[in-house]
1. Criterion first (within 26 Å of Asp14 (Cβ to Cβ), surrounded by fewer than 14 Cβ atoms within 10 Å (Cβ to Cβ) and away from ligand 2 (no atom under 11 Å from the Cβ)) does Gly103 satisfy it?
2. Please pick out the residue among His84, His129, His124 that is over 17 Å from the mean Cα position of the chain (by Cα) and of a type outside the set (Ser, Thr, Tyr).
3. Any idea which of (1) surrounded by 12 or more Cβ atoms within 10 Å (Cβ to Cβ); (2) not in a helix (DSSP H, G or I) is the one Gly94 doesn't satisfy?
4. Does the stretch 3-15 include one or more residues that are more than 15 Å from the chain's Cα centre (by Cα), within 15 Å of Thr133 (Cα to Cα) and not aromatic (Phe, Trp, Tyr)?
5. Thr113 passes all but one of (1) closer than 20 Å to Val35 by Cβ; (2) surrounded by fewer than 16 Cβ atoms within 10 Å (Cβ to Cβ); (3) over 13 Å from the mean Cα position of the chain (by Cα); which number fails?
6. What pairs come out if I take residues in the stretch 7-28 that are over 20 Å from Ser57 (Cβ atoms) and pair them with residues that are surrounded by 13 or more Cβ atoms within 10 Å (Cβ to Cβ) and of a type outside the set (Ser, Thr, Tyr) whose C-beta lies under 9 Å away, six or more apart or interchain?
7. Go through (1) surrounded by fewer than 15 Cβ atoms within 10 Å (Cβ to Cβ); (2) within 23 Å of Asn49 (Cβ to Cβ); (3) within 15 Å of ligand 2 (Cβ to nearest atom) one by one and return the number of the condition His83 breaks.
Amino acid sequence: MLTRIDHIGIACFDLDKTVEFYRATYGFEVFHTEVNEEQGVREAMLRINGTDDGGASYLQLLEPVREDSTVAKWLAKNGEGVHHIAFGTADVDGEAEAIRGKGVRVLYDEPRTGSMGSRITFLHPKDCHGVLTELVTSAPSRH
Ligand code: CMX
Ligand code: CO
């Protein structure tokens, strides 16, 4: 079961400036930052609210750290903006398999490491009416 919006991924050219916009405009503070080398991004997670399954909802601000990263490619084509949405689930493996069985392309054979030790996978945007969709299971320490 997909139980919540885990985050909305937003691609930006300058992470520090974008973080400052969200702080100054809305009062959202940075909850966590990290570089995910595998995904080719430097990211800031802004926590919006907790949820009743023990998870939370975030904005994920993403700045590419190398030119061949998926986010760099997307920014070059589209400019800044909403890059993907992510649904939270207790069972990313099971959800990915079930969705794959419905004919939607799941991009990874096995979930990979996402923010804060979470496990993530992605569904191809062309199979999801134009929306790059991520599935996330939070790390146990966040429950
Ligand atoms: N949202 C919607 N559509 C998208 C998209 C996005 N974010 N990214 C690409 N597309 C579309 C393109 O517009 C293009 O459509 P057209 O053929 O109609 O022009 C098509 O998908 C192919 O795009 P592409 O630019 O050629 O890009 P690739 O096929 O090389 O890569 C994808 C697309 C989805 C496979 C790749 O972005 C990917 O693997 N994404 C998952 C990983 C990721 O995004 N990591 C960063 C976030 C990390 C995190 O959240 O933690
Ligand atoms: Co994400």
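Every number here is computed from the coordinates shown, using simple stated rules; none is lab data. Remember, predicted model here, so these are calculated numbers, not experimental data. Cβ coordinates were reconstructed from backbone atoms using ideal geometry, including for glycine residues, and neighbour counts include every protein chain displayed.
1. So Gly103 fails the test.
2. His129
3. (2)
4. Yes, the stretch 3-15 contains a residue that is more than 15 Å from the chain's Cα centre (by Cα), within 15 Å of Thr133 (Cα to Cα) and not aromatic (Phe, Trp, Tyr).
5. (3)
6. Within 9 Å, the pairs are Phe13/Glu63; Phe13/Pro64; Phe13/Leu75; Phe13/Glu80; Asp14/Glu63; Asp16/Ala44; Asp16/Glu63.
7. Every listed condition holds for His83 apart from (1).
Per-residue answers, yes or no, for (1) surrounded by fewer than 16 Cβ atoms within 10 Å (Cβ to Cβ); (2) among the hydrophobic types (A, V, I, L, M, F, W, C); (3) over 29 Å from Glu97 (Cβ atoms); (4) touching a Lys or Arg at 6+ places or on another chain (Cβ under 7 Å):
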residue	(1), (2), (3), (4)
Ile5	no, yes, no, no
Ile8	no, yes, no, no
Lys17	yes, no, yes, no
Glu43	no, no, no, no
Asp52	yes, no, no, no
Ala56	no, yes, no, yes
Leu61	no, yes, yes, no
